1. Give me the percent of DSSP beta bridges within the stretch 1-142 that run antiparallel, rounded to the nearest 5.
2. For the Cα atoms of the chain, what angle does the longest principal axis make with the long axis of helix 187-197, in degrees from 0 to 90, nearest 10?
3. Among 272-280, 285-293, 66-74, what's the highest-first ranking by average C-beta atoms within 10 angstrom per residue?
4. Going by average Cβ density within 10 Å per residue, which order do the peptides 33-43, 106-116, 153-163 take, highest to lowest?
5. How compact and how long is the chain, expressed as Rg and Dmax of its alpha-carbon atoms in Å?
6. Contact order normalised by length for the chain, with contacts defined as Cα pairs under 8 Å and 6 or more residues apart; what percent is it?
7. For the chain, build the charge dipole from Cβ charges (+1 Lys, Arg; -1 Asp, Glu) around the Cα centre, then report which of HIS114, PRO248, THR318 sits farthest towards its positive end.
8. Tally the DSSP beta bridges in the chain and give the antiparallel ones as a percent, rounded to 5.
Amino acid sequence: MSLKEIGEFGFIDKISRGCLIRPEGVVTAIGDDAAAFHGKAEQLLLVTTDLLVERVHFLRQATSGFNLGYKALAVNFSDIAAMGGNAREAFVSIGIPDDCPLEFLEDLYRGMQHLASEFTVNILGGDTTGSKQDLIINVVVTGMADPSELLLRSGAQVGDIICSTGCLGDSRAGLHLILNTIGIDSPELRALFDAHVLPKPCLQEGRLLAASGCVHAAIDVSDGLSSDLGHIMQASGVGARLVAKQMPISPHLQVFCSRFGFDPIEFALAGGEDYTLLCSVERKQFGRITEEYRKAFDRPLYPIGEITDTGRMELVETDSRLRDITPAGWDHFKRK
Ligand SMILES: [Mg+2]
């Protein structure tokens, strides 16, 4: 069946089932002129949005609807996580070209609903319209944060330990497999592929970091470690020194890099779309927070360097030499 056959309202009716996951506090969801829902007194309202355009951010032929929907929501959850918040409501608008089958769109909503229910987030509305050629998806996600626990990019202090909540570079390796149509012939390559298409937003991790009271700055790794750390440096007016030996490189990425001849450190530095959280932790509290983190998630919070007063980004190489690094990663306007 095509979208034309069931029409916009038939489509909305189809996809709106399963969108209300947490009904408490929701006055109206999909189906009225606007959504109405209660916020929480004394909490800050967080709002983030992300626009995905076919051929710029994804290739429709190279993805399933499910994976695309999942990721469209995941990247927004990741931004709420980076602020130390809880994700609450989502709004999804899509521009649909004529040749996009209804099954693909239903699969896309299944992907979104899958992640939304995992984190008890409602999909409360949006808009649908036609598009001449490309599929366009815009997601807005709201969140809540305690004003005293809000994580910003701007609070990093000299001496802080820079940490990552997970491994870096896997997603870039997964993208390499997709772009070069390399067959997934091992569990390692499968893990890298999954890291790229089904990234897990670090919402619980972000909450723990925010509640600890000793995280001075945070950002999610969307453009790449060096690029995103550059944002913290700029916002905080500090420098940073990363240590290559401490870089969290997954065994999967090691296997990939030896097989295809890449340097895992470069993948970790400039990869992008890891959606781990990068944070700057007060040095004296580092022991306490890593212990809390390990207890809660049964894996380490990886220390990867420290905040300095140099204003530069440096890397201590594996042979202990110091080299300056220029923030590299995804810049939508520079890389045409
Ligand atoms: Mg972000």
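Read the figures in this text as sums done on the coordinates, not as results from a lab. Model, not experiment: these values are computed from the prediction. Cβ atoms come from the backbone with ideal geometry, glycine included; neighbour counts cover every protein chain shown.
1. Numbers: 16 of 27 bridges.
Within the stretch 1-142, antiparallel bridges account for around 60 percent of the total.
2. Around 60 degrees separate the two axes.
3. Working: 272-280: 26.7, 285-293: 15.6, 66-74: 24.7.
In descending order of packing, they fall as 272-280, 66-74, 285-293.
4. Numbers: 33-43: 11.5, 106-116: 21.5, 153-163: 19.8.
Packing proxy ranking, top to bottom: 106-116, 153-163, 33-43.
5. Over the chain's Cα set, Rg and Dmax evaluate to 20.6, 65 Å.
6. On the way: 747 pairs, mean separation 70.2, N = 336.
It rounds to 21 percent for the chain.
7. The listed residue farthest towards the positive side: THR318.
8. 75 percent
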